[in-house]
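Below you'll find the structure, written out as structure tokens, and then a few comments.
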Amino acid sequence: MLTKSPTINPRQFHAHSLAALRDDRKLTQKKLAEIIGVRPNMISGWENGEYTPCLNNAFALCAALECRMEDISIVVTDMDL
């Protein structure tokens, strides 16, 4: 049975931050997509706020962009609940 990977809540994802971080690192959408193993249209969609990455892709983005999850998303901890 296929299950969907959990995604970041769209209200908690900072699409503009993703674009800025990518630009700061002088990466094209195509190059970032190659690094994390997705199609370039996925990067475009995330940056435009059309959809949000699954958690696996969010962690891959952080690794590729050398940033923290907090830089691209609001992180909710047990203390916030």
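The values are calculated or read from the model by the stated rules, or taken from the named source; none is laboratory data. A quick note: this is a predicted structure, and the numbers were derived from the prediction, not measured. Virtual Cβ from ideal backbone geometry, glycine too; neighbours counted across all protein chains shown.
Things to note:
- Reported count of residues in the stretch 36-53, each being surrounded by fewer than 15 Cβ atoms within 10 Å (Cβ to Cβ) and either under 16 Å from LEU21 (Cα atoms) or out of contact with any Gly (no Cβ under 6 Å at 6 or more places or on another chain) (or both), is 8.
- Within the stretch 59-79, residues that are closer than 15 Å to GLN29 by Cα have Cβ atoms under 7 Å from residues that are at pLDDT 85 or above and surrounded by fewer than 17 Cβ atoms within 10 Å (Cβ to Cβ) in these pairs: CYS62/ARG68; CYS62/MET69; ALA64/ILE35; LEU65/ARG25, counting only partners at least 6 apart in sequence or on another chain.
- Residue within the stretch 41-48 that is at pLDDT 85 or above and of a type in the set (A, V, I, L, M) present: yes
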